[in-house]
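Scroll down for the structure; my scribbles are underneath it.
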Amino acid sequence: MIKITLPDGSVKEFEKATTPLEVAKSISEGLARNVISAKFNETIVETTTPLETDGSLVLFTWNDKEGKTAFWHSTSHIVAQAIEELYPGVKLTIGPAIENGFYYDVELPNGSISEKDFSAIEKKALEIARGKHDYKMRAVSKADALAFYKKQGNEYKVELIENLEDGTITFCDHDTFTDLCRGGHIPNTGIVKAIKILSVAGAYWRGNENNTQLTRIYGISFPKQKELTEYLALLEEAKKRDHRKLGKELELFTFSQKVGQGLPLWLPKGAALRERLENFLKKAQKKAGYEMVVTPHIGQKELYVTSGHYEKYGEDSFQPIHTPKEGEEFLLKPMNCPHHCEIYNTKPYSYKELPKRFAEFGTVYRYEQSGELHGLTRVRGFTQDDAHIFCTPDQLDEEFKNVIDLSLYVLGSLGFENFTAQVSVRDLDNPEKYIGSVENWEKAEQAIINAAKEKGLNFVIEAGEAAFYGPKLDFMVKDALGRQWQLGTIQVDYNLPERFDLSYKGSDNELHRPVMIHRAPFGSMERFIALLLEHTGGNFPLWLTPEQAIILPVSEKHEKYAEKVLKSLENNEIRALVDSRNETVGKKIREAEMAKIPFMLIVGENDEADNTISVRKHGGEDLGAISIATFTDLVNTEINSTLKTF
Ligand SMILES: [Zn+2]
Ligand SMILES: [Zn+2]
């Protein structure tokens, strides 16, 4: 008999060589039907692998990340078989699961695969899947494995096998197809009900551009056709909401090859929007006791040697700036923290004066490979809504709660409701990895966990994920399409206060080290605005959106009245403009829709006579003719419903 420990801690006895699927059956038939992958003693196994020893077992279904991985990897075998049948002589290389789906890299005998071939591959693959073929793993000797692929003339698999140790090599068979594989499959091909080939791309063998270029076929699969349909609709919507596309259409930002890759240029509407976001946070920060500081975009190399940033960014980032003076070197600032440490250092503090909270919208520069650049989410210059809190260890608890409050206020006011937090703590098995005393670490970790609990955050604790210099809390946000983004971080730091020799005088009259907290609720203005664009599809919250209303006179005759309306809206702090072009109202409405302006105020004969405006909402809802005062109330009510109080 063997003892199997399940995730809930319960231990059950089974006959030796019981399979994960049989264990599932012993729990419930329903579970057994849904189990598609398993992990035994931290190793992914087949659901049919006989378990020979005591150990811990985790069963996975489609709803688990591991279940999807097994599902998608298994589908790559099916697609490989389909390609082998459709393109005789094709050489298969590798076919892993990825975050969304899978790919298979192949060398085609001749010609290429393009979009018009996708449906034939999908059809063939589905035909194979419907055969309900079991995935069967078997051990092969190195000699046999090599012989198998040498006979096929597949030098790629031969190379892979040559790097494996004899005795560890396995093949996976299903139907008439065999592949070199470590394992991790679903029980049979019949579970795969929907397969979509998404795209093809070139990919070098082993990612090395000196090697042959292969064809990478991307695909995705689902256990239900309905799920594929939903996924494809989501992809379509994501394309429409791509922040690079919307940023251009709404005239928010641009890039110029002349200025340089990865360096965004903010256009007037984008700059104004950014400023509104900054002012919104500044106002809240002021209430929360932050003080604004301003620091330069460059600093002496020695500053970053002291902070340790030179070691991290120096070689692989922008190279030092030289001056006419021999040996003088400056770096573009990769982080604001060293500058803020020096601000702290300008005078001595007593514990009664702490915490000090220095905030800055600080622009930093980091070199990213050109292939990694992506719109506003991966750039080479960006502005952090940065702040550093210097406090005593006893104040950590309170400060953490305050920062969480501020972050929740920010997320709430921008319409994010679906977020979670990750608390990263030490790996207790490797205490030598961390600087700072055990006592301080315990205090800090407890402070973060307490604050997260008290503020009702939905959070997980990840052991071993903390930086060497302190534990942290990251906010993860789900956008309207269910995609997860990592947002602001709250990070405790014992390292920089040490490196910059920061101190305060305690109640004992002795000098002590303050603790430092780095925090940025937005993360960076660039990334945050990208996320906001994709989350809202460009329909920003009313308080933030570039123009809140556009006034459309039906003819030239009513332009004067339109200007009068504009004046009174401006007096009520509503952002509006008049479209006085010589175009039809129909065309003006269509363009205002495209520009995603929340309210269209149409003014004509009757409006002018009655001193009203005819209001049409973005999307088409008609509010009829109302007075300017009523409209102002309407705008303010809507703003107050999203913009929370702090
Ligand atoms: Zn496999
Ligand atoms: Zn920092």
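Summary table below
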| quantity | calculated |
| --- | --- |
| Order by protection proxy (mean Cβ within 10 Å, highest first), peptides 284-290, 409-415 | 409-415, 284-290 |
| Inter-part distance where segment 130-190 and segment 517-567 are each reduced to a Cα centre, Å | 57 |
| Coil-residue GluC sites (Glu not before Pro) of segment 85-166, DSSP, other Cβ within 10 Å capped at 16 | E99, E165 |
| Cα-based shape type of segment 205-246, given that a ≥ b ≥ c are square roots of the gyration tensor eigenvalues and the cut on a/c is 1.5 | oblate |
| Ordering of 322-333, 560-571 by packing [mean C-beta count within 10 Å, highest first] | 560-571, 322-333 |
| Nearest-ten-degree value, helix 65-86 long axis tilted from longest Cα axis of the chain | 60 |
| Overall form of segment 153-268 per C-alpha gyration tensor (a/c, 1.5; a/b vs b/c) | oblate |
| At most 11 other Cβ within 10 Å, DSSP loop - GluC sites (Glu not before Pro), segment 192-254 | E209 |
| Proximal aspartates and glutamates to K325, defined as alpha-carbon separation beneath 17 angstrom and excluding residues fewer than eight positions away on the same chain | E302 |
| Angle between the chain longest axis and helix 268-287 axis [Cα atoms, degrees, rounded to 10] | 80 |
| The chain - accessible surface per residue (Å², probe 1.4 Å) | 49 |
| Cα-derived Rg over Rh, computed across segment 1-78 with Rh taken as Kirkwood radius | 0.96 |
| Straight-distance crosslink candidates among aspartates and glutamates, where the alpha carbon sits under 20 Å from K239 and sequence neighbours closer than 8 are dropped | E99, E115, E227, E230, E249, E251, E372, D479, E526, E534, E593 |
| Cut-off 9 Å between beta-carbons: net charge of the residues surrounding L92, Lys and Arg +1, Asp and Glu -1 | -2 |
| Farthest positive-ward along segment 370-427 dipole, Cα basis, beta-carbon charges - from I389, G412, G371 | G371 |
| Largest-first principal axis extents of the Cα set of segment 173-227 (Å) | 40, 26, 19 |
| Residues whose placed amide H lies under 5 Å from that of R380, excluding near-sequence neighbours | L263 |
| Peptide ranges 52-62, 456-466 listed from the most packed, as the mean C-beta count within 10 angstrom indicates | 52-62, 456-466 |
| Rg(Cα) / (2.2 N^0.38 Å) computed for segment 253-327, rounded to two decimals | 1.54 |
| Cα long-axis angle, helix 396-413 against the chain (0 to 90 degrees, to the nearest 10) | 80 |
| Other-chain or far-sequence residues with amide H under 5 Å of E462's (modelled H) | V423, S424, V425 |
| Fraction in percent of alpha-carbon pairs per bin - 20 Å, the chain | 15, 37, 36, 12, 1 |
| From phi via Karplus (6.51, -1.76, 1.60), per-residue ³J(HN,Hα) for segment 599-615 in Hz, x at Gly/Pro | 10, 10, 10, 8, 10, x, 3, 5, 4, 4, 5, 9, 6, 10, 9, 9, 9 |
| Charge dipole (segment 246-324, unit charges on Cβ, about Cα centre) - positive-most of T254, G270, P296 | G270 |
| Principal semi-axes in Å for segment 504-613 [√(5λ), Cα gyration tensor, largest first] | 49, 18, 9 |
| Cα gyration tensor category, rounded, prolate or oblate, for segment 269-420 with a/c compared to 1.5 | oblate |
| Above-threshold pairs, the threshold being 28 Å between Cα atoms, out of K564/K588; K245/K455; K453/K644 | K245/K455 |
| Given charges at beta-carbon only (K, R positive; D, E negative), |dipole| of segment 189-229 in Debye | 220 |
| Partners for K136 among aspartates and glutamates (Cα-Cα distance below 12 Å; same-chain residues under 8 apart left out) | E46, D173, D175, D179 |
| Amide H within-cut-off set for Y204, under 5 Å, with H built and near neighbours excluded | L214 |
| About the Cα centre, charge dipole magnitude for the chain (Lys/Arg +1, Asp/Glu -1 at Cβ), debye | 1060 |
| Most positive-pole-ward Cα, F646, H322, A463, against dipole of the chain from beta carbon charges | F646 |
| Accessible surface of segment 443-552, 1.4 Å probe, proportion on carbon and sulfur as whole % | 43 |
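The values are calculated or read from the model by the stated rules, or taken from the named source; none is laboratory data. Since we're looking at a predicted model, the values are computed, not measured. Every residue, glycine among them, receives a Cβ derived from its backbone with ideal geometry; neighbour counts consider all protein chains shown. Accessible surface areas use protein heavy atoms only, side chains included; no ligands, DNA or RNA. Shrake-Rupley method; radii C 1.70, N 1.55, O 1.52, S 1.80 Å.
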